1. Distances from A:Pro121 to the same residue in each other copy, label points 7 Å out along Cα→Cβ, in nm, shortest first?
2. Decide, for chain B, between rounded, prolate and oblate: order the square roots of the alpha carbon gyration tensor eigenvalues as a ≥ b ≥ c, take rounded if a/c falls under 1.5, and otherwise choose prolate if a/b is larger than b/c, else oblate.
3. Using a 1.4 Å probe, how large is the accessible area of A:Arg34, given in Å² and rounded to the nearest 10?
4. Cα gyration tensor of segment A:1-58, axes a ≥ b ≥ c as square roots of the eigenvalues: rounded (a/c below 1.5), prolate (a/b > b/c) or oblate?
5. Please list B:Arg74, A:Arg25, B:Arg83, B:Arg39 in order of solvent-accessible area, largest first, computed with a 1.4 Å probe with all protein chains present.
6. What is the distance, in nm, between label points placed 7 Å from the Cα along the Cα-to-Cβ direction at B:Glu71 and at B:Gln106?
7. Top to bottom by accessible area (1.4 Å), largest first, where do A:Val10, A:Val70 land?
8. If I fit a long axis through the Cα atoms of helix A:44-58 and take the longest principal axis of the Cα atoms of chain A, what angle between them do I get, 0 to 90°, rounded to 10?
There are 2 protein chains.
Amino acid sequence: MTFYSPGQVVDKTGFSLDTLRYYERIGLLQEIGRTAGGRRRFTETDLLWLLLLRCLRDSGMPIAQMLRFVELTRGGDDTIPDRLTLLEEHDQQIDKQIARLRANQQQIQTKIRHYRSKLQPDR
Amino acid sequence: MTFYSPGQVVDKTGFSLDTLRYYERIGLLQEIGRTAGGRRRFTETDLLWLLLLRCLRDSGMPIAQMLRFVELTRGGDDTIPDRLTLLEEHDQQIDKQIARLRANQQQIQTKIRHYRSKLQPDR
DNA sequence: CCTTGACCTGGAGCCTGCTCCAGGTGCGAT
DNA sequence: ATCGCACCTGGAGCAGGCTCCAGGTCAAGG
(Lines give C-alpha, C1' and ligand atoms only; values in the text may rest on other atoms or scores of the structure.)
Protein backbone atom coordinates (compact mmCIF):
# COMPACT_ATOMS: atom_id res chain seq x y z
CA MET A 1 0.00 0.00 0.00
CA THR A 2 1.37 3.35 -0.96
CA PHE A 3 0.98 6.44 1.16
CA TYR A 4 1.63 10.08 0.46
CA SER A 5 3.01 12.71 2.77
CA PRO A 6 1.27 16.07 3.01
CA GLY A 7 4.03 17.62 0.93
CA GLN A 8 3.58 15.07 -1.82
CA VAL A 9 -0.14 15.69 -1.86
CA VAL A 10 0.47 19.40 -2.15
CA ASP A 11 2.61 18.72 -5.20
CA LYS A 12 0.18 16.31 -6.77
CA THR A 13 -3.05 18.21 -6.17
CA GLY A 14 -1.98 21.82 -6.26
CA PHE A 15 -3.84 22.48 -2.99
CA SER A 16 -1.77 24.22 -0.35
CA LEU A 17 -1.06 22.46 2.90
CA ASP A 18 -3.31 24.92 4.67
CA THR A 19 -6.08 24.21 2.23
CA LEU A 20 -5.74 20.48 2.77
CA ARG A 21 -6.07 20.97 6.51
CA TYR A 22 -8.94 23.34 5.99
CA TYR A 23 -10.74 20.83 3.79
CA GLU A 24 -10.26 18.17 6.39
CA ARG A 25 -11.59 20.47 9.12
CA ILE A 26 -14.76 21.36 7.30
CA GLY A 27 -15.42 17.79 6.35
CA LEU A 28 -14.52 17.68 2.69
CA LEU A 29 -12.07 14.93 3.50
CA GLN A 30 -12.93 12.27 5.95
CA GLU A 31 -10.52 10.99 8.53
CA ILE A 32 -7.13 11.19 6.95
CA GLY A 33 -4.91 8.46 8.43
CA ARG A 34 -1.94 9.30 10.60
CA THR A 35 1.53 7.95 11.13
CA ALA A 36 2.66 6.94 14.62
CA GLY A 37 4.03 10.42 15.05
CA GLY A 38 0.76 12.09 14.18
CA ARG A 39 1.49 13.21 10.62
CA ARG A 40 -1.10 12.83 7.94
CA ARG A 41 -0.69 9.85 5.65
CA PHE A 42 -2.80 10.12 2.53
CA THR A 43 -3.85 7.04 0.62
CA GLU A 44 -4.29 6.65 -3.11
CA THR A 45 -8.02 6.94 -2.49
CA ASP A 46 -7.59 10.23 -0.63
CA LEU A 47 -5.53 11.48 -3.52
CA LEU A 48 -8.13 10.54 -6.11
CA TRP A 49 -10.82 12.17 -4.05
CA LEU A 50 -8.77 15.34 -3.81
CA LEU A 51 -8.28 15.36 -7.55
CA LEU A 52 -12.03 15.11 -7.98
CA LEU A 53 -12.51 17.99 -5.54
CA ARG A 54 -10.02 19.97 -7.57
CA CYS A 55 -12.05 19.40 -10.70
CA LEU A 56 -15.23 20.47 -9.02
CA ARG A 57 -13.67 23.55 -7.42
CA ASP A 58 -11.96 24.62 -10.59
CA SER A 59 -15.16 24.30 -12.49
CA GLY A 60 -16.86 26.58 -10.01
CA MET A 61 -18.69 24.32 -7.62
CA PRO A 62 -19.15 26.03 -4.25
CA ILE A 63 -17.82 24.29 -1.19
CA ALA A 64 -21.32 23.91 0.24
CA GLN A 65 -22.30 21.78 -2.72
CA MET A 66 -19.15 19.73 -2.48
CA LEU A 67 -20.07 19.06 1.13
CA ARG A 68 -23.43 17.83 -0.01
CA PHE A 69 -21.64 15.50 -2.38
CA VAL A 70 -19.43 14.22 0.44
CA GLU A 71 -22.47 13.54 2.56
CA LEU A 72 -24.07 11.55 -0.21
CA THR A 73 -20.90 9.58 -0.71
CA ARG A 74 -20.98 8.64 2.94
CA GLY A 75 -24.55 7.43 2.47
CA GLY A 76 -23.45 4.41 0.45
CA ASP A 77 -24.55 3.10 -2.92
CA ASP A 78 -28.17 4.10 -2.39
CA THR A 79 -27.18 7.70 -2.97
CA ILE A 80 -25.67 7.10 -6.37
CA PRO A 81 -28.72 8.44 -8.19
CA ASP A 82 -28.52 11.64 -6.12
CA ARG A 83 -24.82 11.97 -6.73
CA LEU A 84 -25.42 11.45 -10.41
CA THR A 85 -28.03 14.18 -10.41
CA LEU A 86 -25.72 16.53 -8.59
CA LEU A 87 -22.93 15.97 -11.07
CA GLU A 88 -25.25 16.23 -14.05
CA GLU A 89 -26.54 19.53 -12.80
CA HIS A 90 -23.04 20.75 -12.30
CA ASP A 91 -22.15 19.59 -15.78
CA GLN A 92 -24.95 21.79 -17.08
CA GLN A 93 -23.71 24.66 -14.97
CA ILE A 94 -20.40 24.35 -16.72
CA ASP A 95 -22.13 24.52 -20.08
CA LYS A 96 -23.85 27.69 -18.96
CA GLN A 97 -20.63 29.18 -17.72
CA ILE A 98 -18.96 28.50 -21.02
CA ALA A 99 -21.86 29.99 -22.91
CA ARG A 100 -21.80 33.11 -20.76
CA LEU A 101 -18.07 33.46 -21.14
CA ARG A 102 -18.36 33.21 -24.88
CA ALA A 103 -21.14 35.77 -25.05
CA ASN A 104 -19.14 38.20 -22.94
CA GLN A 105 -16.10 37.51 -25.01
CA GLN A 106 -18.01 38.47 -28.13
CA GLN A 107 -18.75 41.86 -26.63
CA ILE A 108 -15.19 42.34 -25.55
CA GLN A 109 -13.88 41.42 -28.95
CA THR A 110 -16.20 43.97 -30.48
CA LYS A 111 -14.67 46.52 -28.19
CA ILE A 112 -11.20 45.36 -29.17
CA ARG A 113 -12.02 45.77 -32.85
CA HIS A 114 -13.36 49.21 -32.07
CA TYR A 115 -10.09 50.24 -30.44
CA ARG A 116 -8.08 48.75 -33.27
CA SER A 117 -10.03 50.74 -35.82
CA LYS A 118 -9.23 53.86 -33.87
CA LEU A 119 -5.55 53.09 -34.07
CA GLN A 120 -5.49 52.24 -37.76
CA PRO A 121 -8.29 54.23 -39.39
CA ASP A 122 -7.47 52.89 -42.88
CA ARG A 123 -7.89 49.34 -44.01
CA MET B 1 -31.05 63.81 -23.87
CA THR B 2 -32.33 60.76 -22.09
CA PHE B 3 -31.58 60.00 -18.51
CA TYR B 4 -32.11 56.92 -16.40
CA SER B 5 -33.10 56.67 -12.78
CA PRO B 6 -31.18 54.36 -10.46
CA GLY B 7 -34.04 51.90 -10.59
CA GLN B 8 -34.00 51.81 -14.37
CA VAL B 9 -30.29 51.21 -14.35
CA VAL B 10 -30.73 48.36 -11.92
CA ASP B 11 -33.20 46.80 -14.34
CA LYS B 12 -31.05 47.36 -17.39
CA THR B 13 -27.70 46.30 -15.99
CA GLY B 14 -28.59 43.70 -13.43
CA PHE B 15 -26.38 45.41 -10.85
CA SER B 16 -28.05 46.04 -7.53
CA LEU B 17 -28.52 49.60 -6.36
CA ASP B 18 -25.97 48.99 -3.64
CA THR B 19 -23.52 47.71 -6.18
CA LEU B 20 -24.00 50.79 -8.35
CA ARG B 21 -23.27 53.02 -5.38
CA TYR B 22 -20.34 50.86 -4.41
CA TYR B 23 -18.90 51.07 -7.91
CA GLU B 24 -19.25 54.81 -7.87
CA ARG B 25 -17.53 55.01 -4.47
CA ILE B 26 -14.53 52.99 -5.49
CA GLY B 27 -14.16 54.88 -8.72
CA LEU B 28 -15.43 52.46 -11.32
CA LEU B 29 -17.94 55.08 -12.37
CA GLN B 30 -16.95 58.66 -12.56
CA GLU B 31 -19.15 61.44 -11.33
CA ILE B 32 -22.67 60.33 -11.97
CA GLY B 33 -24.88 63.40 -12.58
CA ARG B 34 -27.56 64.41 -10.11
CA THR B 35 -31.02 65.87 -10.28
CA ALA B 36 -31.86 69.06 -8.39
CA GLY B 37 -32.99 66.88 -5.52
CA GLY B 38 -29.73 64.97 -5.32
CA ARG B 39 -30.78 61.74 -6.99
CA ARG B 40 -28.47 60.04 -9.46
CA ARG B 41 -29.29 60.61 -13.10
CA PHE B 42 -27.49 58.17 -15.38
CA THR B 43 -26.81 59.04 -18.99
CA GLU B 44 -26.76 56.71 -21.96
CA THR B 45 -22.98 56.80 -21.73
CA ASP B 46 -23.06 55.73 -18.08
CA LEU B 47 -25.32 52.90 -19.04
CA LEU B 48 -23.06 51.69 -21.83
CA TRP B 49 -20.09 51.86 -19.53
CA LEU B 50 -21.94 49.82 -16.94
CA LEU B 51 -22.79 47.22 -19.52
CA LEU B 52 -19.13 46.97 -20.42
CA LEU B 53 -18.26 46.58 -16.74
CA ARG B 54 -20.83 43.83 -16.52
CA CYS B 55 -19.17 42.02 -19.39
CA LEU B 56 -15.78 42.30 -17.80
CA ARG B 57 -16.99 41.23 -14.34
CA ASP B 58 -18.99 38.33 -15.67
CA SER B 59 -16.01 37.13 -17.60
CA GLY B 60 -13.95 37.15 -14.44
CA MET B 61 -11.98 40.37 -14.51
CA PRO B 62 -11.10 41.45 -10.96
CA ILE B 63 -12.20 44.88 -9.85
CA ALA B 64 -8.59 46.01 -9.47
CA GLN B 65 -8.05 45.48 -13.17
CA MET B 66 -11.26 47.23 -14.08
CA LEU B 67 -10.00 50.18 -12.06
CA ARG B 68 -6.84 50.15 -14.11
CA PHE B 69 -8.98 50.25 -17.21
CA VAL B 70 -10.97 53.19 -15.86
CA GLU B 71 -7.76 55.06 -15.15
CA LEU B 72 -6.56 54.50 -18.68
CA THR B 73 -9.86 55.69 -20.04
CA ARG B 74 -9.46 58.89 -18.10
CA GLY B 75 -6.03 59.31 -19.67
CA GLY B 76 -7.47 60.12 -23.08
CA ASP B 77 -6.79 58.69 -26.52
CA ASP B 78 -3.10 58.20 -25.84
CA THR B 79 -3.95 55.27 -23.65
CA ILE B 80 -5.85 53.39 -26.33
CA PRO B 81 -2.94 51.04 -27.03
CA ASP B 82 -2.75 50.18 -23.33
CA ARG B 83 -6.47 49.66 -23.12
CA LEU B 84 -6.28 47.45 -26.16
CA THR B 85 -3.55 45.40 -24.57
CA LEU B 86 -5.54 45.05 -21.38
CA LEU B 87 -8.60 43.83 -23.23
CA GLU B 88 -6.60 41.51 -25.44
CA GLU B 89 -5.02 39.94 -22.40
CA HIS B 90 -8.38 39.53 -20.80
CA ASP B 91 -9.68 37.99 -23.99
CA GLN B 92 -6.94 35.40 -23.70
CA GLN B 93 -7.80 34.85 -20.07
CA ILE B 94 -11.29 33.98 -21.16
CA ASP B 95 -9.92 31.46 -23.63
CA LYS B 96 -7.95 29.89 -20.83
CA GLN B 97 -10.95 29.79 -18.55
CA ILE B 98 -13.00 28.06 -21.20
CA ALA B 99 -10.24 25.56 -21.84
CA ARG B 100 -9.95 24.79 -18.14
CA LEU B 101 -13.68 24.42 -17.79
CA ARG B 102 -13.77 22.01 -20.68
CA ALA B 103 -10.95 19.93 -19.29
CA ASN B 104 -12.62 19.72 -15.89
CA GLN B 105 -15.92 18.94 -17.54
CA GLN B 106 -14.31 15.98 -19.28
CA GLN B 107 -13.29 14.53 -15.94
CA ILE B 108 -16.67 15.11 -14.47
CA GLN B 109 -18.39 13.49 -17.39
CA THR B 110 -16.16 10.49 -16.96
CA LYS B 111 -17.36 10.30 -13.38
CA ILE B 112 -20.94 10.64 -14.52
CA ARG B 113 -20.51 7.75 -16.94
CA HIS B 114 -18.99 5.76 -14.16
CA TYR B 115 -22.02 6.30 -11.93
CA ARG B 116 -24.38 5.51 -14.78
CA SER B 117 -22.67 2.23 -15.41
CA LYS B 118 -23.12 1.37 -11.76
CA LEU B 119 -26.84 1.98 -12.04
CA GLN B 120 -27.36 0.06 -15.25
CA PRO B 121 -24.71 -2.62 -15.37
CA ASP B 122 -26.02 -4.00 -18.69
CA ARG B 123 -26.27 -2.14 -21.96
C1' DC C 1 -51.63 68.35 2.13
C1' DC C 2 -50.22 63.65 3.07
C1' DT C 3 -48.74 59.26 2.10
C1' DT C 4 -45.70 56.09 0.08
C1' DG C 5 -42.13 54.35 -2.35
C1' DA C 6 -37.88 55.26 -4.50
C1' DC C 7 -33.61 57.25 -3.26
C1' DC C 8 -29.83 59.51 -0.30
C1' DT C 9 -25.39 59.02 2.95
C1' DG C 10 -21.89 56.96 5.89
C1' DG C 11 -20.45 53.25 7.83
C1' DA C 12 -20.71 48.57 9.54
C1' DG C 13 -21.28 43.77 8.45
C1' DC C 14 -21.14 39.51 5.86
C1' DC C 15 -19.92 35.50 3.06
C1' DT C 16 -16.57 32.68 0.77
C1' DG C 17 -12.47 30.59 0.74
C1' DC C 18 -8.63 30.43 2.08
C1' DT C 19 -3.97 31.99 4.55
C1' DC C 20 -1.09 33.07 8.33
C1' DC C 21 0.51 32.88 12.93
C1' DA C 22 2.69 31.03 17.38
C1' DG C 23 4.42 27.65 19.73
C1' DG C 24 5.50 22.93 19.61
C1' DT C 25 6.88 17.87 17.71
C1' DG C 26 8.76 14.03 14.41
C1' DC C 27 12.46 12.45 11.86
C1' DG C 28 16.14 11.80 8.28
C1' DA C 29 20.85 13.31 7.54
C1' DT C 30 25.41 14.66 9.34
C1' DA D 1 23.36 14.09 19.63
C1' DT D 2 21.53 17.66 17.09
C1' DC D 3 20.37 20.28 13.18
C1' DG D 4 16.89 21.58 10.24
C1' DC D 5 12.96 20.98 7.82
C1' DA D 6 8.50 19.16 7.28
C1' DC D 7 4.64 18.87 9.90
C1' DC D 8 1.27 19.49 13.97
C1' DT D 9 -2.85 22.34 16.41
C1' DG D 10 -6.05 26.02 17.41
C1' DG D 11 -7.34 30.13 16.33
C1' DA D 12 -7.02 34.65 14.25
C1' DG D 13 -6.78 37.33 10.05
C1' DC D 14 -7.42 38.59 5.33
C1' DA D 15 -9.05 39.76 0.43
C1' DG D 16 -12.61 40.34 -2.62
C1' DG D 17 -16.99 41.84 -3.50
C1' DC D 18 -20.64 43.11 -2.27
C1' DT D 19 -24.97 43.83 1.13
C1' DC D 20 -27.39 45.81 4.88
C1' DC D 21 -28.76 49.30 8.15
C1' DA D 22 -30.31 53.64 10.29
C1' DG D 23 -32.03 57.72 9.80
C1' DG D 24 -33.33 61.02 6.61
C1' DT D 25 -35.09 63.33 1.81
C1' DC D 26 -37.68 63.81 -2.63
C1' DA D 27 -41.68 63.61 -5.45
C1' DA D 28 -45.81 61.77 -7.64
C1' DG D 29 -50.58 60.14 -6.88
C1' DG D 30 -54.93 60.58 -4.21
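1. In nanometres, ordered from closest: 7.7.
2. Values: a/c = 4.04, a/b = 1.95, b/c = 2.08.
Oblate is the answer for chain B, as a/c is 1.5 or above yet b/c matches or exceeds a/b.
3. 100
4. On the way: a/c = 1.64, a/b = 1.40, b/c = 1.17.
Taking the square roots of the gyration eigenvalues as a ≥ b ≥ c, segment A:1-58 is prolate.
5. Working: B:Arg74 135, A:Arg25 185, B:Arg83 20, B:Arg39 165 Å².
From most accessible down to least: A:Arg25, B:Arg39, B:Arg74, B:Arg83.
6. Spacing of the two 7 Å Cα→Cβ label points: 3.9 nm.
7. Details: A:Val10 40, A:Val70 0 Å².
Reading off the accessible areas and sorting them downward yields A:Val10, A:Val70.
8. 30
The values are calculated or read from the model by the stated rules, or taken from the named source; none is laboratory data. From a predicted model like this one, the values you see are computed outputs, not experimental measurements. Quick reminder, even Gly has a Cβ in these numbers, built from the backbone with ideal geometry, and neighbours come from all protein chains shown. Ligands, DNA and RNA are excluded from the accessible area calculation, which covers all protein heavy atoms including side chains. Shrake-Rupley method; radii C 1.70, N 1.55, O 1.52, S 1.80 Å.
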